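Notes follow the structure.
The values are calculated or read from the model by the stated rules, or taken from the named source; none is laboratory data. Worth saying up front: this structure is predicted, and the values here are computed from it rather than measured. We place every Cβ from the backbone using ideal geometry, glycine too, and count neighbours over all the protein chains shown. Ligands, DNA and RNA are stripped out before the accessible areas are found, and what is left, the full protein with its side chains, is counted by its heavy atoms. Shrake-Rupley method; radii C 1.70, N 1.55, O 1.52, S 1.80 Å.
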Amino acid sequence: KGILIAVGHAFFTLSLATGSIMAYGSYLPKHISIPKTSLYIAAADTLIALLAGIAIFPIVFANGLEPGAGPGLIFQTLPLAFGQMPYGTFIGTVFFIMLVFAAFTSAISLLEPVVAYSMKAFSCSRRTAAVFCGLAIWLVGFLTVFSFNVWSTVTFLQMNFFELLDSLTSNVFLPVGGLLIAIFAAWIVKESRQELGFTEGKLFRIWQICLGVVSPIAIIVVLLNAVGLIHISGG
């Protein structure tokens, strides 16, 4: 069960199935190796996650907080840590300012695929596409804010709008998107071998089987577990 949860988190942290990882990849210079870059990204992401876990979870257990609280832990544990260290107020302020910039740059990368598609589909400029797409997402964001106040009593499937959107994106859209991307990259894109730099046919075939067969099966298991069609218990 823990492995399935970790795989689900990987969809978020590696920007899988959101389009942003493809946007970054499409803007890479021709001489950059995609396999090496992918390994570097995965390794850096894993290292940062381990460091964050080492920093956060001791504080969680020491202060009796709920370890399964998710991303919200960063707003519970780190203020406690900053409050117990010298110059904690200054360090905490700088940290959360950096967190704002990290979130902002992530939002830009997530917006880019929509903007790029809109420019092509509607023959408009980048500025026009960015403004209209940004405003549309901003308005949808208001609905998630209202879920905690004026619309707190409005529910869909016993969930408010924020919880419904979070559940759909986490449990359905990301796995389905990852599944379609894996199949598309492995079996439909004819330039995959050339772009990945595989000189040996056997090595490319192994990659194709892993991405086009093994990965979809694993993603389907994650999807079925997330939506509750199968239940995998821990222990």
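Please go through segment 18-51 and give me each residue that is surrounded by 14 or more Cβ atoms within 10 Å (Cβ to Cβ), in contact (Cβ under 8 Å) with a residue 60 or more places away in the chain and among the small types (Gly, Ala, Ser), ordered by number. Scanning segment 18-51 gives 19, 20, 23.
Within segment 1-12, how many residues are open to solvent by 80 Å² or more (accessible area, probe 1.4 Å) and within 17 Å of residue 43 (Cα to Cα)? Spell out the reasoning first.
Of the residues in segment 1-12, the ones open to solvent by 80 Å² or more (accessible area, probe 1.4 Å) are 1, 3, 5, 9, 12.
So of that shortlist, the ones also within 17 Å of residue 43 (Cα to Cα) come out as 9, 12.
Residues meeting the conditions: 2.
If the condition is being open to solvent by 80 Å² or more (accessible area, probe 1.4 Å) and assigned to a loop (DSSP other than H, G, I, E, B), then segment 156-174 contributes 157, 158. Out of 192, 215, one residue alone is polar (S, T, N, Q), within 23 Å of residue 7 (Cα to Cα) and out of contact with any Gly (no Cβ under 7 Å at 6 or more places or on another chain). It is 215.
This table checks each residue for (1) under 24 Å from residue 107 (Cα atoms); (2) of a type outside the set (D, E, K, R).
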site	(1), (2)
7	yes, yes
12	yes, yes
32	no, yes
35	no, yes
40	yes, yes
45	yes, no
50	yes, yes
59	no, yes
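The residues of segment 191-206 that are open to solvent by 50 Å² or more (accessible area, probe 1.4 Å) and modelled with pLDDT of 85 or more, listed by number, are 202, 203, 205, 206.
Taking the criterion of being open to solvent by less than 70 Å² (accessible area, probe 1.4 Å) and either closer than 23 Å to residue 178 by Cα or part of a helix (DSSP H, G or I) (or both), the residues of segment 52-73 that qualify are 52, 53, 55, 56, 59, 60, 67, 68, 69, 70, 72, 73.
Residue count for segment 117-148, restricted to those that are open to solvent by 100 Å² or more (accessible area, probe 1.4 Å) and part of a helix (DSSP H, G or I): 8. Quickly run through segment 27-48 and pick out the residues that are out of contact with any helix residue (DSSP H, G or I) (no Cβ under 7 Å at 6 or more places or on another chain) and outside any loop (DSSP other than H, G, I, E, B). 36, 37, 38, 39, 40, 41, 42, 43, 44, 46, 47, 48, listed by residue number.
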